[in-house]
Amino acid sequence: MVNVDVSDLITLTEAKKILGYASTKSVNDLINKGKLDAWKYEHKTAHMVSHEQVQNLTKPVQIKKREIA
């Protein structure tokens, strides 16, 4: 289990906006694929994610050049 600073947690709606997604289903897909960890408070049903993890997903990655035939 990963420890998280609760002040770093954001809603799936906030994560959706940061990632530029149209719906929170895309954020849930990232959770299901293991790209994001999710938390919730015992008395609430809404899931939350780490703002830092979401920000890390927005960093560009280098792609390999394709050979042009």
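Check segment 25-42 and report whether any residue there is on the phi > 0 side of the Ramachandran plot, within 11 Å of the chain's Cα centre (by Cα) and open to solvent by less than 100 Å² (accessible area, probe 1.4 Å). Looking for residues that are on the phi > 0 side of the Ramachandran plot, within 11 Å of the chain's Cα centre (by Cα) and open to solvent by less than 100 Å² (accessible area, probe 1.4 Å), one finds at least one in segment 25-42, hence yes.
Looking at the structure I just gave you, is Val6 among the hydrophobic types (A, V, I, L, M, F, W, C) and either open to solvent by less than 70 Å² (accessible area, probe 1.4 Å) or touching a Pro at 6+ places or on another chain (Cβ under 6 Å) (or both)? The answer is no for Val6.
Rundown of residues vs (1) of a type outside the set (D, E, K, R); (2) assigned to a loop (DSSP other than H, G, I, E, B), yes/no style:
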{"site": "Lys16", "(1), (2)": "no, no"}
{"site": "Tyr21", "(1), (2)": "yes, yes"}
{"site": "Asp29", "(1), (2)": "no, no"}
{"site": "Ala46", "(1), (2)": "yes, yes"}
{"site": "Val61", "(1), (2)": "yes, yes"}
{"site": "Lys65", "(1), (2)": "no, yes"}
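The values are calculated or read from the model by the stated rules, or taken from the named source; none is laboratory data. A quick note: this is a predicted structure, and the numbers were derived from the prediction, not measured. Cβ sites come from the backbone with ideal geometry, for glycine too, and all protein chains shown count toward neighbours. Please note that ligands, DNA and RNA were not included when accessible areas were found on the heavy atoms of the full protein model with its side chains. Shrake-Rupley method; radii C 1.70, N 1.55, O 1.52, S 1.80 Å.
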